[in-house]
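Asks: Quick one: the structure is below, and I'll ask about it shortly.
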Amino acid sequence: MAGNRIGKVVLARFEYAHRVVAEDIDELGHAGNFHYIRWLQHAAVAHSAANGWPPRRYEALGAGWVVRSHQITYFKPAFEGDEVVITTWVADMRPATSLRRYEVRRRDGELLARAATDWAFVKYGKQRPVRIPSPVADCFEVVADDD
């Protein structure tokens, strides 16, 4: 799904594909919880890059996103060899923070998890929240929870 802002296509919802590998598997035989966090992070970074803000651009700006909190609800396990798709979108944009939501599904559509991350925009040198610059905020279409 895409939205349009100032003549530029913005990807409102973004899909990130991942194949579950042996390193993702824990002692219970399924993907470990902290691997989901890594997948969510990769999906968020890829979404930002697809909308014109790859990591190097944040580095040049001297500011970028850091995680304040994660919330995950697991429904079904993922196993080695499963192809999963992490769909992510920005659900809220405030002056210095943003809420990002995720759904993790197997390629067959089975819902494995839902998650949310509260991100803060910080000045790297000071590690303090700052107002999200318009060029950054304008690159993300907010998808309200009722959408």
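The values are calculated or read from the model by the stated rules, or taken from the named source; none is laboratory data. Note that the structure is predicted; figures quoted are calculated from it, not measured. A quick note on method: Cβ atoms are made from the backbone with ideal geometry, for glycine too, and the neighbour counts reach across all protein chains shown.
Asks: Every residue in segment 29-44 that is out of contact with any Asp or Glu (no Cβ under 7 Å at 6 or more places or on another chain) and either at pLDDT below 95 or crowded, with 18+ Cβ neighbours inside 10 Å (or both), please.
Replies: Passing the criteria: His30, Asn33, Phe34, Tyr36, Trp39, Leu40, Ala43, Ala44.
Asks: Here is a further query. If I ask for residues that are buried (at least 19 other Cβ atoms within 10 Å of the Cβ) and in a strand (DSSP E or B), which ones from segment 70-92 would you list?
Replies: If the condition is that a residue be buried (at least 19 other Cβ atoms within 10 Å of the Cβ) and in a strand (DSSP E or B), then Val84, Ile86, Thr88, Trp89, Val90 are the ones that fit.
Asks: Among what's in segment 120-147 and is assigned to a helix (DSSP H, G or I) and not aliphatic (A, V, I, L, M), pick the residue that is farthest from Asp82 (Cα to Cα).
Replies: Ser134
Asks: While we're looking at this one, here's another question. Select from segment 53-69 the residues that are outside any helix (DSSP H, G or I) and surrounded by 15 or more Cβ atoms within 10 Å (Cβ to Cβ) and list them in ascending order.
Replies: Trp53, Ala63, Gly64, Trp65
Asks: I'm trying to understand the selection: among the residues of segment 91-147, which are among the acidic types (Asp, Glu) and either more than 14 Å from the chain's Cα centre (by Cα) or under 19 Å from Thr73 (Cα atoms) (or both)?
Replies: Glu103, Asp108, Glu110, Asp118, Asp138, Asp145, Asp146, Asp147
Asks: Determine, yes or no, whether Thr117 is in a strand (DSSP E or B), among the β-branched types (Val, Ile, Thr), touching an Asp or Glu at 6+ places or on another chain (Cβ under 9 Å) and surrounded by 13 or more Cβ atoms within 10 Å (Cβ to Cβ).
Replies: So Thr117 fails the test.
Asks: Also, I was wondering about something else. For segment 126-143, which residues satisfy the criterion of being under 16 Å from Ala49 (Cα atoms) and out of contact with any strand residue (DSSP E or B) (no Cβ under 9 Å at 6 or more places or on another chain)?
Replies: The one that is under 16 Å from Ala49 (Cα atoms) and out of contact with any strand residue (DSSP E or B) (no Cβ under 9 Å at 6 or more places or on another chain): Pro135.
Asks: Answer with yes or no whether Asp146 is out of contact with any strand residue (DSSP E or B) (no Cβ under 8 Å at 6 or more places or on another chain), within 24 Å of Glu23 (Cβ to Cβ) and loosely packed, with under 14 Cβ neighbours inside 10 Å.
Replies: So Asp146 fails the test.
Asks: Right, another one. Within segment 5-26, can one find any residue that is outside any strand (DSSP E or B), without any contact (Cβ under 8 Å) to a residue 40 or more places away in the chain and more than 23 Å from Ile132 (Cβ to Cβ)?
Replies: Yes, the conditions are met somewhere in segment 5-26.
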